[in-house]
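Q: The structure follows.
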Amino acid sequence: MATIASQVVFHPTVSQTLKVCSTTLGRDKIYRAVQYFSRFLAWYLLSKGHKIQAARWNALKNHLAIGRKLMRLGKPMEHLQAALRASQATGPAAEQITTIGRQLGYFGYLTHDALVWANTIKFVNLKPSTASRVGKLANQFWLAGILCSVAFGLLKAGRLANDAKLLQGTGPWTEKGVEVDRDVKLQAVTAQRESTRYQFIVDLLDIWAPATNLGLVNLNDGVVGIFGVISSLMTLRLQWIAVNGKK
């Protein structure tokens, strides 16, 4: 029995999971996945008339949302630093502008979201009209950040597609060293294209949450919840690879 317990406790998957959970981003994405799943399940149960069970999952969703706001209190400065670094970097102007826009959008979102959290726990007392305005601004900044990220993805995908065509179409490659160099560059471009497409899908899934909160679209909590679960798991997968070095 002790051997079986030891094999379970020290199983590589358990150790890898603990490594991911030891990071703030890993915990946040796990909490986010559960939060959005709770949002979906609460909507589903309520649509079936199970009000008591729905209230339970709705409460879990709300408390996870509050907890995640607390975990993100320091992140606005991270995005402000990233915006400053992007402004000092070299590269295509359009990609640089959209990168700065994305970081500033998330800076504004998380800054206002911190005020929402402070008001929710009664650390500060905002008037209902002020609290509503702050929440709306948070969602507007969130949406702006995602839109900039989508624009960046489209611009970068187009540039990388042209780079790949140039590398594939140039030839003939008679010198072995030159051919190897071409293949290395092509592999790097291919990896960047895959990464860009991956983030683009995440952005397309995430954009509906602030758009729904602002009333720009009319998606129910079930659809928004499922989209949130998928994007959370996709981001969690990237963190898993970053921490454990494997897919």
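Read-outs: derived from the displayed coordinates by stated rules, not from any lab. Owing to the predicted nature of the structure, the values given are computational and were not obtained by experimental measurement. Cβ sites come from the backbone with ideal geometry, for glycine too, and all protein chains shown count toward neighbours.
Q: By count of other Cβ within 10 Å, fewest leading, how are T196, T90, T130, T99 ordered?
A: Working: T196 20, T90 6, T130 13, T99 24.
By the 10 Å Cβ count, ascending: T90, T130, T196, T99.
Q: Just to verify a number: FRET efficiency for S22 and A164, C-beta to C-beta distance, R0 = 45 Å, to 0.05?
A: Efficiency, rounded to the nearest 0.05: 0.75.
Q: For region 77-216, what number of Lys pairs, 8 or more residues apart or on separate chains, have alpha-carbon atoms under 25 Å from each other?
A: 7
Q: Related question: Set Lys and Arg Cβ to +1 and Asp and Glu Cβ to -1, take the dipole of the chain about its Cα centre, and tell me which of Q168, V124, Q35 lies farthest positive.
A: V124
Q: Here's something else I'd like to know. I'd like to compare 155-164, 47-56: which one has the highest average count of other Cβ atoms within 10 Å, and what's the full order after that?
A: Per-residue Cβ counts within 10 Å, averaged per peptide and sorted highest first, yield 155-164, 47-56.
Q: Please give, to one decimal in nm, the separation of the simple spin-label points placed at N244 and I97, each 7 Å out from Cα toward the Cβ.
A: 4.2
Q: For a protection proxy built on the mean count of beta-carbon atoms within 10 angstrom, sort 203-211, 79-87, 11-19 highest first, please. Before the final figure, lay out the partial values.
A: Numbers: 203-211: 19.9, 79-87: 15.4, 11-19: 11.9.
The densest-packed peptide leads the list: 203-211, 79-87, 11-19.
Q: 222 nm [θ] for the chain, helices only, -39500 (n - 2.57) per DSSP H run of 4+, per residue, to 500?
A: Helix-only estimate at 222 nm: -29000 deg cm²/dmol.
Q: Can I ask one more? So which helices of the chain fit the span-like rule, where a helix is a whole DSSP H run, its Cα atoms reach 18 Å or more along the axis, and its mean Kyte-Doolittle is at least 0.0? Mind showing how you got there, number by number?
A: Numbers: long enough: 24-47 (34 Å, 0.05); 51-71 (30 Å, -0.30); 75-88 (20 Å, -0.69); 93-120 (40 Å, 0.07); 128-169 (61 Å, 0.43); 176-206 (45 Å, -0.43); 221-244 (33 Å, 1.20).
Taking the DSSP H segments of the chain (at least 18 Å long, mean hydropathy at least 0.0), we get 24-47, 93-120, 128-169, 221-244.
Q: Determine the shape class of the chain: with a ≥ b ≥ c the square roots of the Cα gyration tensor eigenvalues, call it rounded for a/c under 1.5, and otherwise prolate if a/b is greater than b/c, oblate otherwise. Before the final figure, lay out the partial values.
A: On the way: a/c = 2.06, a/b = 1.39, b/c = 1.49.
Here the chain falls in the oblate category.
Q: Separate question: Using 0.36 nm per residue, how much length does the chain from V14 to D181 gain when fully extended, once their Cα-Cα distance is taken away?
A: 56.1 nm
Q: When ranked by the protection proxy of mean other Cβ atoms within 10 Å per residue, highest first, what sequence do the peptides 213-222, 57-66 form?
A: With the highest mean Cβ count within 10 Å placed first, the list reads 57-66, 213-222.
Q: Could you give the dipole magnitude of the chain about its Cα centre, charging the beta-carbon of Lys and Arg +1 and that of Asp and Glu -1, in debye to the nearest 20?
A: Using Cβ point charges on Lys, Arg, Asp and Glu, the chain gives about 840 debye.
Q: Let me ask something else. What distance in nm separates the two pseudo spin-label positions at L219 and S132, each 7 Å out from Cα along the beta-carbon direction?
A: Roughly 2.5 nm, to one decimal.
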